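Student: Sharing a structure here in structure tokens format.
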Amino acid sequence: MRLKNRTALITGAGRGIGRAIAEHYAREGARVAIADLDLQTATEAADAIRAAGGEAIALAMDVTDEQAVDDGFKAVADQWGGVDIALANAGIQHIDPIHKLAYADWQKVIDVHLHGAFLVTRAALRQMYAGKGGAMLYMGSVHSVEASPLKSPYVAAKHGLLGLCRAVAKEGAEHKVRSNIICPGFVRTPLVEKQIPEQAKELAISEEEVIRNVMLKNTVDGEFTTVEDVAELAVHLAAFPSSALTGQSIVVSHGWHMQ
Ligand code: NAD
């Protein structure tokens, strides 16, 4: 019970990595607010946690909508008195070479990852500063520290999150807020399943080659990272007992990137 009596809000937690983290947090004793663009999946995730004996609520939240983000955090404050842990996890991907990339697609990816993370951070810090501090977390990626072709807005946004995380670590310290960023390698969620055929088409190679020669080529063992791997790290970062661990990016990628 490493997160007993803590309240967490996780964005994009209706499915994929965010949902797995919500489940781990609940098993560790946290009350979890599952915020997602898709209220149906958020509700299913919250129902599953409650069925397993945990505490969870579902929130409809588009992280690019300032009012929706503020309303979601207010709902958590009304229900449980404010957040101790916030994880900006919601994300999307777009595959295109830069010379063919529409400005609208660039803007959309930056908007969800970077502008969304800012809105979530601001709302979370207002509650943490008014309370006992807390843990701010970001879902970065190996693409926070490496680039790949065909993903320029994603790579730019994930690099940007490193800066936001570090700025929060500096400003948050006097309010007992720690800030860290999780940087996973490829995890087989819907976000990744969708891009396998897209990359195969763009690179004119088979889907099997995308997996072997693009996604897992530089890992030490040819293995995907799992949602459980990422969730375990997210528990550890949320539960860490002192501000010795702040402003850090932790890569969990089967050795794809070593820092
Ligand atoms: P996913 O597509 O399975 O889940 C993403 C969730 O975010 C969905 O439930 C979706 O509804 C939600 N979402 C999308 N736009 C939103 C918005 N505007 N507001 C609120 N919610 C929104 O993806 P995933 O693989 O679980 O990815 C989660 C995070 O992990 C993302 O930030 C992604 O970039 C990051 N990540 C994923 C991988 C991977 O290999 N899967 C690797 C590194 C980092």
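The values are calculated or read from the model by the stated rules, or taken from the named source; none is laboratory data. All of these numbers come straight from a predicted model, not from anything done at the bench. SASA here: full protein model, heavy atoms, side chains in, ligands and nucleic acids out. Shrake-Rupley method; radii C 1.70, N 1.55, O 1.52, S 1.80 Å.
Student: If the convex hull of the alpha-carbon atoms of the chain is projected onto planes in all directions, what is the mean projected area in square nanometres?
Tutor: Numbers: hull surface 52.6 nm².
With every direction weighted equally, the projected area is 13.1 nm².
Student: Got a sec? What order do H113, H24, H175, H99 fall in by accessible area at 1.4 Å, biggest, i.e. largest, first? Intermediate results must be reported in sequence, preceding the final value.
Tutor: Details: H113 5, H24 35, H175 65, H99 155 Å².
My answer, sorted largest first, is H99, H175, H24, H113.
Student: While we're looking at this one, here's another question. Across the stretch 192-209, in residue order, what do the Karplus-derived ³J(HN,Hα) couplings come to in whole Hz, using 6.51 cos²θ - 1.76 cosθ + 1.60 with θ = phi - 60° and x for Gly and Pro?
Tutor: Calculated HN-Hα couplings, in order: 7, 4, 5, 8, 4, x, 5, 5, 4, 5, 5, 8, 6, 9, 6, 5, 4, 5 Hz.
Student: In the stretch 122-226, what is the count of Lys pairs whose alpha carbons are under 20 Å apart, counting only pairs at least 8 residues apart or on separate chains?
Tutor: For the stretch 122-226, qualifying lysine pairs total 9.
Student: With the radius of gyration and the Kirkwood radius both derived from the Cα set of the stretch 89-213, what is their ratio Rg to Rh? Don't jump to the answer; show the numbers that get you there.
Tutor: Details: Rg = 16.5 Å, Rh = 15.7 Å.
Rg/Rh for the stretch 89-213 comes to 1.05.
Student: For the stretch 1-67 and the stretch 229-259, what is the separation of their C-alpha centers, rounded to whole Å?
Tutor: 20 Å
Student: Within the chain, what percent of beta bridges assigned by DSSP are antiparallel, to the nearest 5?
Tutor: Numbers: 0 of 31 bridges.
Taking every DSSP beta bridge with both residues in the chain, the antiparallel ones total about 0 percent.
Student: Pairing the Cα long axis of helix 39-51 with the longest principal axis of the chain, what angle in degrees results, from 0 to 90 and rounded to the nearest 10?
Tutor: Result, in degrees: 60.
Student: While we're looking at this one, here's another question. Give, in nm to one decimal, the length gained when the segment between A147 and L101 is fully stretched (0.36 nm per residue of separation minus the Cα-Cα distance). Numbers along the way, then the final one.
Tutor: Working: separation 46, 0.36 × 46 = 16.56 nm, distance 1.63 nm.
Fully extending the segment from A147 to L101 adds 14.9 nm.
Student: Moving to a separate point now. So what's the angle, to the nearest 10 degrees on a 0 to 90 scale, between helix 66-80 and the longest Cα principal axis of the chain?
Tutor: On a 0 to 90 degree scale, this one is about 40.
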